Every structure is written in structure tokens, then in C-alpha cells.
Amino acid sequence: MPEYTRITDVSPRDGLQNEPGVISTADKVRLVQLLAMSGVDEIEVSSFVSPKWVPQLGDAAAVFEQLRNLPPSAPMLSALVPNERGLASALEVNQAAGRALIGKVSVFTAASETFSMRNTNATIAQAIERFVPVVRLAHGSGLLVRGYISCIVACPFEGAIAPDAVRRVADNLLQIGVDELDLGDTIGAGTPSNITEVIRAAPAGRLATTLHLHDTFGNAPACIRAALDAGIRSFDGSVAGLGGCPYASTPGRRAPGNIATGLLVRAVREAGYCCGVSDSALEQAAEHARRIVEGRGGLLTE
Ligand code: HMG
Ligand code: MG
């Protein structure tokens, strides 16, 4: 029996946050509904961040409001929260829904000081300090907490990042009690060897570690195989490869986004592992994803 691998689709959040312009709330809701039928284990729906920083996701509460009638058997829904204010918005969603519609919140920092500053206007230490009450209050409300680390291989501003820098941030996130580490190759600089090195450097202990790859240079499937060999059993993907990191783009050519979920699923299966995804249902979500970003200059790879 092949071993199970957990798949999270982050397209409604990581994909759409990078789209030029704002996708309608109705189209976002439909994307999540289609993903909910695709057999993925988790959907990262949106972010409760400042709409001045990320206007594309300014309708997070409205999106969740329209997802209230998803059945309790639907995949786990999660959202990014950078601070206590973001967590309060997530908890309001659950209170209004009368249940834990959002089952997990994700705090996020980086292994690069410059990226941390540019992304959240805080040093890594300040960000971790902000997360302390977020983790405590989220756990008090029965939510799981994912801790993202961006720039695990390279930073768009600082260049190569040492695995030791990732280990230090991972240690700090584990100390404040996150339930899961998510290692983010923000600009898609991963290769099988540097990804293996960083996985070995970041101590997951009994905690799950998820790998979050952007597929800028087409190396992500090979990195998935290396990560499976190194013991990782949880991956993020983005249906239709939605997104495209602005930091990895050049004028006139937007970089590919996260590894396309379909490509991720194929890489997992080819390596001898299984997952819960139905190819035909995922394709319906991918078709919708392609349609809603059509004409916006995206590069879709699935
Ligand atoms: P700041 O400007 O330092 O914060 O931003 P502030 O506390 O001074 O507040 C500024 C304004 O934002 C205020 O409003 C606050 O009320 C508001 P104003 O008085 O100007 O009208 N505000 C908020 N509004 C809504 N929700 C909130 C919130 N907090 C403050 N939670 C802050 C600090 C963290 C808020 C800002 O930098 C921010 O929102 N950053 C978000 C950045 C982001 O979402 N980046 C993308 C996600 S990370 C990523 O993509 C990487 C990942 O995919 C992994 C990988 O690939 O590497 C996860
Ligand atoms: Mg990302």
C-alpha cells in the first residue's frame, strides 16, 4: 500500500495574491468550492492582512462568509494571519459561522531579514514576538497553527540563504508552539540537493513539515522527489500553477507560480506515494482557475 502524502492547495491565497488586479469574490468562492471537491486535504483560502499591503485579498471575510455551507467533511480551510488583528478577524469568521470553518491559521516570517522587513515591516525577531499571543489565542480557540519560513534557499534581495539561518527560525517557531513548519522556497531557487540540505537542517521533531515550492525554473518536481526521500509527506501546490512571484519576474515575463497541484500530484505518484486527489475533479478547479486569470498575463502550467 503506497504511503499517504498530504496535499494543500494554496492557489486562492498564494496564487491570487500575485495576480494583477482583484479577482471577484464570487470567482474566489467558486475556486474554493471546486477545490473542496477535488480531494485535496487543505485549502489555504485567503489572508487576514492589511488590504493596503495585499489588496487582492481584502475580501477574506466575505469569501469565508460564502463558504459557510461547505459540509463539515470538506477539507480543512486555513488563512494567513500576520498579527493578533488578523487572528481576531479569523475568529470572527468562526464565531459567525457557529463552527470552526477556519481550522488552521498560518503565521509567516522568513530566513532573510530583508525579506521579513519588506513583507511584514518587522525583523524576524519582531515577527516571532508578534506570533506569541497569536499562537496562544489560536490554540485557546482550538485552531492549529502553521509557521511559514520564506526564503529557505534564496532571498530575492539577499541572495543565497544558509540552511543554518532556516534552522534558527524553525527553532524559534517550534519554541513558541506552532503545530507545523512550512518551508517556503519563495523564488523557486530550489534544487534537489539544496532542498534536501535545508530539510535536514530544519528540525521538525514530532511536528509535520510541509514543503512549499515555487516552480520558477521548473525544478519543483525533482525537489518533490528529493523531499519525499528526505521524509517529507506534506506539500503545497497551486491549481493551474496560479500566481507567479513578483520578486522572481522580469519585465514582460511573469514567473511561474507555486508548483501546479496537478504536477505535484503526478510527482508524488511517480515516486510511489499516494494522495486523496481526483484528477478529473482537480481539472475542473484548474479550468476555473485558468478562466478567472485569463488575459491577466499569468503563465499557467497545468
Ligand atoms: P504595518 O504597516 O507595519 O502595520 O504592517 P501597522 O500595525 O502599522 O498597521 C498599518 C495598517 O494596517 C493599519 O491601518 C492597521 O489597522 C492595518 P491604517 O491605520 O493605516 O488604516 N492592519 C491590518 N488590517 C487588516 N488586517 C490586519 C492588519 N494589521 C494591521 N491583520 C502588516 C504590518 C503585517 C500588517 C503588513 O505588513 C501586512 O499586512 N503584510 C502582509 C504581507 C503579505 O501578506 N505577504 C504575502 C504573504 S507571505 C508569502 O506569500 C510567502 C509564503 O507564500 C511562503 C513563500 O512562498 O515563501 C507564505
Ligand atoms: Mg509562496
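The values are calculated or read from the model by the stated rules, or taken from the named source; none is laboratory data. Being a predicted model, the structure only gives us computed values, none of them experimental. Cβ sites come from the backbone with ideal geometry, for glycine too, and all protein chains shown count toward neighbours. In case anyone asks, the SASA skips ligands and DNA or RNA and just uses the protein heavy atoms, side chains included. Shrake-Rupley method; radii C 1.70, N 1.55, O 1.52, S 1.80 Å.
Leaving out ligands and nucleic acids, note down the accessible area per residue over the range 122-240 with a 1.4 angstrom probe, in whole Å².
It amounts to 37 Å² per residue over the range 122-240.
What FRET efficiency comes out for residue 157 versus residue 193 if R0 is 22 angstrom and r is the Cβ-Cβ distance? Round to the nearest 0.05.
0.40
Under 13 Å from the 7 Å Cα→Cβ point of residue 200, by amide nitrogen: which residues of the range 140-180?
163-164
Within the chain, what whole-number % of the accessible surface is contributed by carbon and sulfur, with the 1.4 Å probe and all protein chains included in the calculation?
51
Count charges around residue 195 for me, please; just the other residues with Cβ under 14 Å from its Cβ, Lys/Arg as +1, Asp/Glu as -1.
Here the charged neighbours net out to -4.
Can you show me the helix-derived [θ] at 222 nm for the chain, built from DSSP H runs with n ≥ 4 at -39,500 (n - 2.57) apiece and divided by the number of residues, rounded to the nearest 500.
Helices in the chain give a 222 nm mean residue ellipticity of -11500 deg cm²/dmol.
What percent antiparallel are the DSSP beta bridges of the range 6-293, to the nearest 5?
10
Need one number: nm distance between label points at residue 92 and residue 118, each 7 Å from Cα along Cα→Cβ, rounded to one decimal.
Roughly 3.1 nm, to one decimal.
Report P(r) for the range 129-226: all Cα-Cα distances, bin width 5 Å, range 0 to the bin holding the largest distance, values in whole percent.
Using 5 Å bins, I get a P(r) of 3, 14, 24, 22, 17, 11, 7, 3, 0 for the range 129-226.
Can you tell me the alpha carbon radius of gyration of the range 1-142 divided by the globular rule-of-thumb value 2.2 N^0.38 Å?
1.05
Hey, rough spin-label estimate for residue 279 and residue 3, points 7 angstrom out along Cα→Cβ, what's it come to in nanometres?
2.4
Taking N as the number of residues in the chain, what is its Cα Rg relative to 2.2 N^0.38 Å?
So the Cα radius of gyration is 0.90 times the expected 2.2 N^0.38 Å.
Can you give the translational diffusion coefficient of the range 31-92 in µm²/s, computed by Stokes-Einstein from the Kirkwood radius over Cα pairs at 25 °C and 0.890 mPa s?
201
Identify, among 133, 238, 251, the residue whose Cα sits farthest towards the positive end of the charge dipole of the range 6-293, taking +1 on the Cβ of Lys and Arg and -1 on the Cβ of Asp and Glu, with the dipole about the Cα centre.
133
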